[in-house]
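The values are calculated or read from the model by the stated rules, or taken from the named source; none is laboratory data. In this text the structure is predicted, and so the values were computed from the model without any measurement. Ideal geometry is used to build each Cβ from the backbone, glycine not excepted, and the neighbour counts take in all protein chains shown.
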Amino acid sequence: MKQGRKRYTYFKLHRDGPTIDERQLSSAIWKSMLSLYGEIIVSETRFFLNEYDIERGTGYFQCNANLLQEVVSAAVLIGSIEKTYVSLEPLKTSGTIKALLKKVQ
């Protein structure tokens, strides 16, 4: 079975309150996707939060290239995580991690 293409998206998480850890952020994105699209579409996204720097609020995630817009939309719609107001800003998208990190530096 062929895997399909992936996309990597670099983002900045703006917050007003305590820090958000990687587990909390990943869980919030999954919950947002589930409420918007349902289990079948979410399982096809193959979303994974690769890296997240808690102090700077930056990181990148990977997902299925065909469902990139759905993942980004669900992530942007998150308003708060555990009583901390947040806003996720997608900055760059690329087909490889190497090219993505080159674009953001």
Index of the failed condition, R46 passing every other in (1) more than 17 Å from D21 (Cβ to Cβ); (2) surrounded by fewer than 14 Cβ atoms within 10 Å (Cβ to Cβ): (2)
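On the basis of being modelled with pLDDT of 95 or more and buried (at least 19 other Cβ atoms within 10 Å of the Cβ), does Y85 make the cut? Please lay out each step first, then the result.
Working: modelled with pLDDT of 95 or more: yes; buried (at least 19 other Cβ atoms within 10 Å of the Cβ): no.
The answer is no for Y85.
Return the total of residues in the range 23-42 being of a type in the set (K, R) and under 13 Å from S73 (Cα atoms).
Of all residues in the range 23-42, those of a type in the set (K, R) come to 23, 31.
Those left that are additionally under 13 Å from S73 (Cα atoms): 31.
Adding up the residues that qualify gives 1.
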In the range 59-82, residue surrounded by the most Cβ atoms within 10 Å (Cβ to Cβ) [restricted to those that are closer than 24 Å to R5 by Cβ and hydroxyl-bearing (S, T, Y)]: Y60
Positions within the range 44-66 being in contact with a Phe, Trp or Tyr (Cβ under 6 Å, 6 or more places away or on another chain) and of a type in the set (A, V, I, L, M), in sequence order: L49
